[in-house]
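Worksheet for the structure shown next.
The values are calculated or read from the model by the stated rules, or taken from the named source; none is laboratory data. Note that the structure is a prediction, hence the values are computed from the model and not measured. Because the Cβ atoms are built from the backbone with ideal geometry, glycine has one as well, and the counts that use them run over all protein chains shown. Accessible surface areas use protein heavy atoms only, side chains included; no ligands, DNA or RNA. Shrake-Rupley method; radii C 1.70, N 1.55, O 1.52, S 1.80 Å.
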Amino acid sequence: MDSCVGVEQDLDKAILKFNNINDHTNRALEDIISQVEDLRKELSKQPSNTPLTSTQAMAVTDLAGSVKQNVVQMSTDHRELHATVSRVGKSIDRHFIADYASVAPKAETFCNDTNRPIMEQAIAQHLYRQGLEDVGDTFVAEAKITGVERTCTFALLQRFAVALAEGEPAPALHWAERRAHELHNSPLPFTLHRMQALKLAREQGVCAAIEYARRQFPAHAARHERQLQAAVCALAWCTPGAGPAPAIYQHLLDPKALGAEAAELFIKEACGLLRLAPLSPLAGAVLAGARVLPALHDIRAKMSHPHVIAAWSDDELPFEVDLGEDGGGYHSVFACPILRQQASEQNPPMRLLCGHVISRDALNKLAISAKLKCPYCPMEQSPAEARQIYFS
Ligand SMILES: [Zn+2]
């Protein structure tokens, strides 16, 4: 983030300089044009084939000199601007690390015969999940990929989200209405109805919007009182000839802003409801990787001793990295909280019915006959109900 701020500062400087030069050049050009036109007008008053008076000749020479001087100044300014722009490029090189090869020395394993098809499937799956069917189809055909599910639930949700972002709430609304009982604690239904009411106000007039609001809003009045009031007030600025709306209503009257907000909420709520990961495996891996790389790069630079370097294994990170709230839960290793041992193929992590995870050895030790009491929450369950967890 510091790197982005650093580059942004240099970029701001370049933009400021560009705008200043632009303003100055435009003013100078306008000035010259009006001077040339004035002089032309004055000279045209004179009968043709009459020699210029000495004052007129002086005026022409002065103006030509002034034009030349301005052109020289403009080209100097332009050269200086070029230097400022190239400083932004240098700033990017200085603030960001271009070569991560030392952090991932085995990166080429992505391209071996075993992993390459997996990578290609992940890319195709990502494209389909994003609703980019045309791109996905071309990719699958050209790379000859097999076994990729073309239509998945997420792709459908993504299509609804794209429609929302374009200002069309109908498909998402239809989806949410069919799941109304599961969404009764979610802000999604109200957000979609509000969007539909404001769309009606824009397209069919305020009366249609009020009629819709009368039908749909009362069910949401208790939970969304303030937003509901704001939405109804915003209708006042949907009439023809209404002046500009006050700032607090502007985002409600901007279909793009409202659509983007609804699309984000829709994906979050729908994925939560259907227990889908909001990111495709590829997008999740890229997001986690982007967060982990700078830390890995720093530690790699410090770990130069051969014994320390040996701790750098191929398939696990040498430390725990916090991926933030939206980073999801990614683990490359699992250490049993009961036996304090790292899990292995012989002693894999097991997810208990309550959701807590312990190693299989711990599970076997804790199980008394056919019963097991979770060491974290005292839920009683059968050891047979535990499921093995795979990290891949
Ligand atoms: Zn538990």
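Leaving out ligands, DNA and RNA, and with a 1.4 Å probe, what % of the accessible surface on the stretch 332-388 is carbon or sulfur? The partial results should precede the final answer.
On the way: 1800 of 3530 Å².
Carbon plus sulfur share of accessible area: 51 percent.
Regarding the chain, what are the three Cα extents along the principal axes, ordered largest first, in Å?
Reported extents, whole Å, longest axis first: 121, 72, 42.
Ignoring the sites themselves, what is the longest stretch of the chain with no GluC sites (Glu not before Pro) in a DSSP loop and at most 16 other beta-carbon atoms within 10 Å? Kindly include the intermediate steps, with their values, before the conclusion.
Working: sites that count: Glu149, Glu166, Glu182, Glu316, Glu320, Glu345.
After excluding every exposed loop site, the longest remaining stretch is 1-148.
Per residue, how much accessible area does the stretch 2-94 have with a 1.4 Å probe, in Å²? Don't skip to the answer; put the middle values down first.
Working: 7120 Å² over 93 residues.
Per residue, the stretch 2-94 has 77 Å² of solvent-accessible surface.
Need one number: the % of Cα-Cα pairs in the stretch 126-251 sitting beyond the 21 Å mark.
Numbers: 4077 of 7875 pairs.
Summing the P(r) of the stretch 126-251 above 21 Å gives 52 percent of all pairs.
Over the heavy atoms of Arg351, what accessible area does a 1.4 Å probe trace out, to the nearest 10 Å²?
Roughly 110 Å² of Arg351 is accessible to a 1.4 Å probe.
Roughly to the nearest percent, how much of the accessible area of the stretch 2-94 is carbon and sulfur, given a 1.4 Å probe? If you can, show how the numbers build up before the last one.
Numbers: 4090 of 7120 Å².
Carbon and sulfur atoms account for 57 percent of the accessible area of the stretch 2-94.
What 222 nm value per residue comes from the helices of the chain, counting each DSSP H run with n ≥ 4 as -39,500 (n - 2.57) and dividing by all residues, nearest 500 deg cm²/dmol? Kindly include the intermediate steps, with their values, before the conclusion.
Working: 14 runs with 227 residues, N = 392.
Calculated mean residue ellipticity at 222 nm is -19000 deg cm²/dmol.
May I ask you to list the trypsin sites (Lys or Arg not before Pro) in the stretch 144-198 that are in a DSSP loop and have at most 11 other Cβ atoms within 10 Å of their Cβ? Display every interim value, and only then the final one.
Values: sites: Lys144, Arg150, Arg159, Arg178, Arg179, Arg194; in loops: Lys144, Arg150, Arg179.
Within the stretch 144-198, the qualifying trypsin sites (Lys or Arg not before Pro) (loop, at most 11 other Cβ atoms within 10 Å) are Lys144.
Could you tell me what percent of the accessible area of the stretch 153-274 is made up of carbon and sulfur, with a 1.4 Å probe and every protein chain present? Walk me through the numbers on the way to the answer.
Numbers: 3650 of 6480 Å².
Percent of accessible area from carbon and sulfur atoms in the stretch 153-274: 56.
Which whole-number value in Å² is the accessible area per residue of the stretch 166-287, probe 1.4 Å? Please list the in-between numbers first.
Details: 6840 Å² over 122 residues.
Accessible area per residue, the stretch 166-287: 56 Å².
Can you pull out the trypsin sites (Lys or Arg not before Pro) in the stretch 23-53 whose DSSP state is coil and whose Cβ has at most 14 other Cβ atoms within 10 Å? Intermediate values should be presented prior to the final figure.
On the way: sites: Arg27, Arg40, Lys41, Lys45; in loops: Lys45.
Loop-located and lightly packed - Lys45.
Give the ranking of His126, His24, His184 by solvent-accessible surface, highest area first, calculated with a 1.4 Å probe. Don't skip to the answer; put the middle values down first.
Values: His126 40, His24 85, His184 125 Å².
Of His126, His24, His184, the descending order of accessible area is His184, His24, His126.
Hey, could you get me the Stokes-Einstein D for the stretch 2-94, Kirkwood radius over alpha-carbon pairs, 10 °C and 1.306 mPa s, rounded to whole µm² s⁻¹? Numbers along the way, then the final one.
Working: Rh = 16.3 Å.
For these conditions, the coefficient is 98 µm²/s.
Kirkwood hydrodynamic radius, computed over distinct alpha-carbon pairs, for the stretch 332-388: how many Å, to one decimal?
This gives a value of 11.1 Å.
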